[in-house]
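Chemist: Take this structure, written in structure tokens, and hold onto it; I'll ask about it next.
The values are calculated or read from the model by the stated rules, or taken from the named source; none is laboratory data. Because the structure is predicted, anything quoted here is derived from the model rather than measured. Here Cβ is always computed from backbone atoms with ideal geometry, including for glycine, and neighbour counts include all displayed protein chains. The area values use the complete protein model at the heavy-atom level, side chains included, leaving out ligands, DNA and RNA. Shrake-Rupley method; radii C 1.70, N 1.55, O 1.52, S 1.80 Å.
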Amino acid sequence: MKVAVVGATGMVGTVMLKVLAERNFPVTELIPVASARSAGKQLEYKGKNYTVVTLEDAVKMNADVALFSAGGDTSLEWAPKFAAAGTTVVDNSSAWRMDPTKKLVVPEINGDVLTAEDKIIANPNCSTIQLVMALAPLHKKYKMKRLIISTYQSVSGTGVAAVRQLENEQNGITDGEMAYNYPINRNAIPHCDVFMENGYTKEEMKLVKEPKKILGDDSFAVTATAVRIPTAGGHSEAVNVEFANDFDLAEVRAILEATPGVIVQDDLDNNIYPMPALAHDKDEVFVGRIRRDESLPNTLNMWIVADNLRKGAATNTVQIAEYLLAQGLLPA
Ligand SMILES: NC(=O)c1ccc[n+]([C@@H]2O[C@H](COP(=O)([O-])OP(=O)(O)OC[C@H]3O[C@@H](n4cnc5c(N)ncnc54)[C@H](OP(=O)(O)O)[C@@H]3O)[C@@H](O)[C@H]2O)c1
């Protein structure tokens, strides 16, 4: 397959190249794409060097698949141009996620909604993916009524500039570029993405809306608070979920343990619980601190952690491409 990676020099794009190589995606020609600033730069993929090209050049190269992670504006403008050129686009930005004509996909959950007619497919937000991976099987069994989510998100979720800001601050460099309004080292910033008219951030509203679209069910209520913390990589979520039906804790654990892509780390006697440091560079979603909310019937508390650059972004995108390929949904 001729594969374009748009945003190949970025945080997600770099991991995308790594994941494509690791999973042996059948790449016959790689087209790394970034802004004009990076055009001409060399990127290595499987021991071979490739030259970074601009979007203008890449669109004419008629890739079979383009994996986009170059921001919403780039996707809004360029994904339709790639699609018109016959390329199937899997997009990591928020540009198309809530567009009713586009599918929002986590392959393990709703890959079956994809058809050969889908030319622009949206990859959900990183915090959403790890959330639905853990909740989908529980929703199926006990039916969710209400979700309360608090996130603890790493700086890699913002991109290379934010990782640089944290590193600069940790190294005592005080005049470096700022990705956030405030220092992030030794801090917690309750502000992920931009504020909206209702007082929530866009990140919080993604957590409200995207799970309903992926699960194909808008009968449950969701509220969220998203917080940026000085962790280099890996997002964590404290999740309180009220179900319509009662559950048995041992059965909840058994369901999660049997869910492909989910790993239960919940052994209090040995201080075992999910943490970003343990999830680093892993494709699975880790769940622990599974316990009954004793203040409300049929309600569960849990702690969900994943590497935001892997299952939260690159891995899920590559899995969508793999699914399309396996189902014969890409142009011959
Ligand atoms: N980080 C995460 O955990 C995460 C998770 C899910 C989704 N996403 C989404 O993925 C996208 C990229 O995020 P990131 O964290 O990888 O950001 P990043 O590290 O800042 O990288 C941005 C990438 O986009 C390229 N780019 C920027 N403007 C461009 C333009 N006008 N034309 C062509 N290429 C352009 C950059 O190229 P240059 O190097 O040439 O500037 C770079 O390759 C965003 O839409 C983000 O919302 C991120």
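Chemist: What are the extents of the Cα atoms of the chain along their three principal axes, in Å, largest first?
Modeler: On the principal axes, the chain reaches 59, 52, 42 Å in Cα extent.
Chemist: Okay, moving on. Rounded to the nearest 500 deg cm²/dmol, what is the calculated helix-only ellipticity per residue at 222 nm for the chain, with -39500 (n - 2.57) per DSSP H run of length n ≥ 4? Don't skip to the answer; put the middle values down first.
Modeler: Values: 10 runs with 101 residues, N = 332.
Helix-only estimate at 222 nm: -9000 deg cm²/dmol.
Chemist: Going by a ≥ b ≥ c, the root eigenvalues of the Cα gyration tensor, does segment 100-150 fall in the rounded group (a/c under 1.5), the prolate group (a/b larger than b/c) or the oblate group?
Modeler: Verdict is prolate for segment 100-150.
Chemist: Just check segment 62-145 against the gyration tensor rule for me: Cα atoms, a ≥ b ≥ c as the square roots of the eigenvalues, rounded for a/c under 1.5, and otherwise prolate or oblate depending on whether a/b exceeds b/c.
Modeler: The shape class here is prolate.
Chemist: Turning to a different aspect of this structure: Mind listing the phi-derived Karplus ³J(HN,Hα) values for segment 67-82, rounded to whole Hz, using 6.51, -1.76 and 1.60 with θ = phi - 60°, and x for any glycine or proline?
Modeler: 9, 9, 8, 9, x, x, 5, 4, 5, 4, 7, 9, 4, x, 5, 5
Chemist: Past 32 Å, Cα to Cα: identify those pairs from 119/145; 18/60; 41/81; 48/81; 46/81; 46/212, in the order given.
Modeler: Flagged as over cut-off: 119/145; 46/212.
Chemist: For the chain, with a Gaussian network of springs between Cα atoms less than 10 Å apart, report the residue from 128, 87, 74 with the top mean-square fluctuation.
Modeler: Of the options given, 74 has the highest mean-square fluctuation.
Chemist: Still on this model: Stretched out fully, how many nm does the piece from residue 2 to residue 325 gain, at 0.36 nm a residue minus the Cα gap?
Modeler: Length difference between fully extended and current span is 115.0 nm.
Chemist: OK, next. For a quick check, take a GNM of the chain with Cα springs below 10 Å and name the residue from 131, 166, 278 with the largest mean-square fluctuation.
Modeler: Highest fluctuation among the options: 278.
Chemist: Pick from 117, 56, 322: which residue has the top mean-square fluctuation in a GNM of the chain where Cα pairs under 10 Å get a spring?
Modeler: In this elastic network of the chain, the residue with the biggest mean-square fluctuation among 117, 56, 322 is 117.
Chemist: Please work out the FRET efficiency for the pair residue 272 and residue 188, using the Cβ-Cβ distance as r and a Förster radius of 25 Å; give the result to the nearest 0.05.
Modeler: Efficiency computed from Cβ-Cβ geometry: 0.50.
Chemist: Right, another one. Carbon and sulfur: what percent of the chain's accessible surface (1.4 Å probe)? Walk me through the numbers before you get to the answer.
Modeler: On the way: 7480 of 14580 Å².
Whole-percent figure for carbon plus sulfur exposure: 51.
Chemist: Please report how far the C-alpha centroid of segment 81-113 lies from that of segment 295-327, rounded to the nearest whole angstrom.
Modeler: Cα centroid to Cα centroid, the span is 16 Å.
Chemist: Modelled label-to-label distance, residue 250 and residue 76, 7 Å Cα→beta-carbon offset: nm?
Modeler: 5.4 nm
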